[in-house]
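Report on one structure; see the data block that follows.
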Amino acid sequence: MKKVIESVILIGVIVLGLLFVNYLYKNNKKEEEPKANEIETTPVSLHGKLSVNGTNIIDKNGNTFQLKGVSTHGLQWFPQYVNQDAFTYMRDSWGINAVRLAMYSNPNDGYNKQLHEIVNKGVEYAKNAGIYVIIDWHILNDGNPNTNKQSAIEFFREMTSKYKDYDNVLYEICNEPNGNVTWERDIKPYAEDLIGEIRNVDKDAIIIVGTPTWSQDVDIVAKSPITGQNNIMYALHFYAATHKETLRQKMTTALQSGLPIFVSEFGISDASGNGNLDKAEADTWINLLNQNNISWMCWNLSNKNESSALLKNTDKVTGWTEEELSEQGKWLLEALKK
Ligand code: IDC
């Protein structure tokens, strides 16, 4: 009799155990299900085509919307980070909703037409991941945007003919004008011509215009913005260990005059992209940008040995662990949560 009771108890325990395992398995499955849904509700599926209203970006529902993400390094040097896994990974693990594809425009810095293919891949990867993408004509050592204006026109003709119907594409027509360059004489006429070229094909995508002194003098531009065009924004770039309250004042002045500003590039190191980080200044900047619904893109997605690179001691091109992020990389992940 004792044996029978023991057997019954044993069978009972086994049955309960199996039921428990089954319950755990089903529960696990339930947890996995929302992931499939997440893919259907990407930033682009939720927010759609963006436009500019006053100083704000608004989404397809008319609600204010902020782009937050990362800029690649020069595509001629670090093309490997333009890959599908990386974009999807940064969307899911970091919480970015945009990437910027920085294509240096100066032939002496490595510009060549083959780079257009990397831009094309980047746009498709961003589209598949449902995130926004900025196509950046990255003038830097070429200083005056008019130096390579003809190539810029050809480039944006090619891009707009491909992407005029994409909801997730923004165009940045001159990263950072610098040197002996003024708004009235050089940048504004360039911008008006490029905007004309783009609008011949793409009627409404957001266009970001660079501003004098490495995209800092938004206060000067605010006195004489481009007129007769929709969905135009102006670049303000900062590196937090170099650019502080004085530049924030310029931004506030420009905003008060109604200039729509886009921080299409910033770092928290000094302006060289290297040296010490200034996290306190960086936090002050991000808070101010968030308060004013200003979009921001962090320089740079690479493992270069410089403090503005987001990755460190790793050759991985996606799926980075926390230890594989630089100090700026770790700071960025926190900033993206705010
Ligand atoms: C820097 C890169 C650096 C590279 C240098 C020259 O971080 O590795 O050697 O360009 O090409 C900018 C520019 C951006 C700069 C960055 C840091 O838009 O191209 O990248 N910066 O100097 N404006 C202000 C700072």
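Structure data summary
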{"quantity": "Filter result for GLY130 (touching a Phe, Trp or Tyr at 6+ places or on another chain (Cβ under 9 Å) and more than 27 Å from GLU184 (Cβ to Cβ))", "calculated": "no"}
{"quantity": "In the range 230-245, residue farthest from the ligand (Cβ to nearest atom) [restricted to those that are surrounded by fewer than 21 Cβ atoms within 10 Å (Cβ to Cβ) and under 24 Å from LEU332 (Cβ atoms)]", "calculated": "GLU245"}
{"quantity": "Residues of the range 262-277 that turn out to be surrounded by 18 or more Cβ atoms within 10 Å (Cβ to Cβ), away from the ligand (no atom under 11 Å from the Cβ) and more than 22 Å from VAL133 (Cβ to Cβ), as a count", "calculated": "2"}
{"quantity": "Residues located in the range 162-186, provided they are assigned to a strand (DSSP E or B), touching a helix residue (DSSP H, G or I) at 6+ places or on another chain (Cβ under 7 Å) and of a type in the set (A, V, I, L, M)", "calculated": "VAL169"}
{"quantity": "Output for the range 261-309, where each listed residue is assigned to a loop (DSSP other than H, G, I, E, B) and of a type in the set (Lys, Arg)", "calculated": "LYS304"}
{"quantity": "Top-ranked residue in the range 199-229 [being under 22 Å from PHE155 (Cα atoms) and open to solvent by 40 Å² or more (accessible area, probe 1.4 Å); ranked as nearest to the ligand (Cβ to nearest atom)]", "calculated": "TRP214"}
{"quantity": "Cross-chain or 6+ apart pairs with Cβ under 8 Å, the range 168-194 first and closer than 18 Å to ASP219 by Cβ, then of a type in the set (A, V, I, L, M) and open to solvent by 30 Å² or more (accessible area, probe 1.4 Å)", "calculated": "GLU176/LEU140; ASN178/LEU140; TRP183/ILE220"}
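The values are calculated or read from the model by the stated rules, or taken from the named source; none is laboratory data. Computed from a predicted model, the values in this text were never measured in an experiment. Cβ coordinates were reconstructed from backbone atoms using ideal geometry, including for glycine residues, and neighbour counts include every protein chain displayed. Ligands, DNA and RNA are excluded from the accessible area calculation, which covers all protein heavy atoms including side chains. Shrake-Rupley method; radii C 1.70, N 1.55, O 1.52, S 1.80 Å.
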